[in-house]
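Trainee: Supplied in structure tokens, the structure appears directly below.
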Amino acid sequence: MVSKDIKFYKLLIILNTIASIVITHQIILYNIENLNIKVYFILFYALIWFYSLYKIYNFSKLGLKLY
């Protein structure tokens, strides 16, 4: 039962990662011509978000705190 839950949890994290990448990609493409501090902030936030998703995927306490 626990193994099934872990697989489902990892699947949800993967789906969340894919959705986050698509959204971040669209934001960057929309603002690519006029890069400003907001776009850099979104990129920085996205990097932290993807790092926390990676850490959560590996069941790290740091990943859970960042999330």
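Trainee: Select from ILE48, VAL22, ASN58 the residue farthest towards the positive end of the dipole of region 2-66; place +1 on Cβ of Lys and Arg, -1 on Cβ of Asp and Glu, and compute about the Cα centre.
Mentor: Result: ASN58.
Trainee: Can I ask one more? Could you grab the relative contact order for region 2-66? Cα pairs under 8 Å, six or more apart, rounded to a whole percent. If you can, show how the numbers build up before the last one.
Mentor: On the way: 26 pairs, mean separation 18.4, N = 65.
Normalised by residue count, the contact order of region 2-66 is 28 percent.
Trainee: How far is it, in nm, from the label point at THR17 to the one at TYR54 when both lie 7 Å from their Cα along the line to the Cβ?
Mentor: Between THR17 and TYR54, the simple spin-label model gives 0.9 nm.
Trainee: Given charges of +1 on the Cβ of Lys and Arg and -1 on the Cβ of Asp and Glu, with all other atoms neutral, how large is the dipole of the chain about its Cα centre, in debye to the nearest 20?
Mentor: Roughly 340 debye, rounded to the nearest 20.
Trainee: For the chain, report the translational diffusion coefficient in µm²/s to the nearest whole number, using Stokes-Einstein at 10 °C, 1.306 mPa s, and a Kirkwood Rh over Cα pairs.
Mentor: Details: Rh = 13.1 Å.
Answer from the Stokes-Einstein relation: 121 µm²/s.
Trainee: Once fully extended, how much extra length lies between LEU47 and ASN34, figured as 0.36 nm per residue of separation less the alpha-carbon to alpha-carbon distance?
Mentor: Values: separation 13, 0.36 × 13 = 4.68 nm, distance 2.01 nm.
Gain on stretching LEU47 to ASN34: 2.7 nm.
Trainee: Count the lysine pairs in the chain whose Cα atoms sit under 28 Å apart, keeping only pairs 8 or more residues apart in sequence or on different chains.
Mentor: Number of lysine pairs found: 12.
Readers should treat all values here as calculations from the given coordinates under stated rules, not as data from a laboratory. Because the structure is predicted, anything quoted here is derived from the model rather than measured. Here the Cβ is made from the backbone with ideal geometry for all residues, glycine too, and neighbour counts use every protein chain on show.
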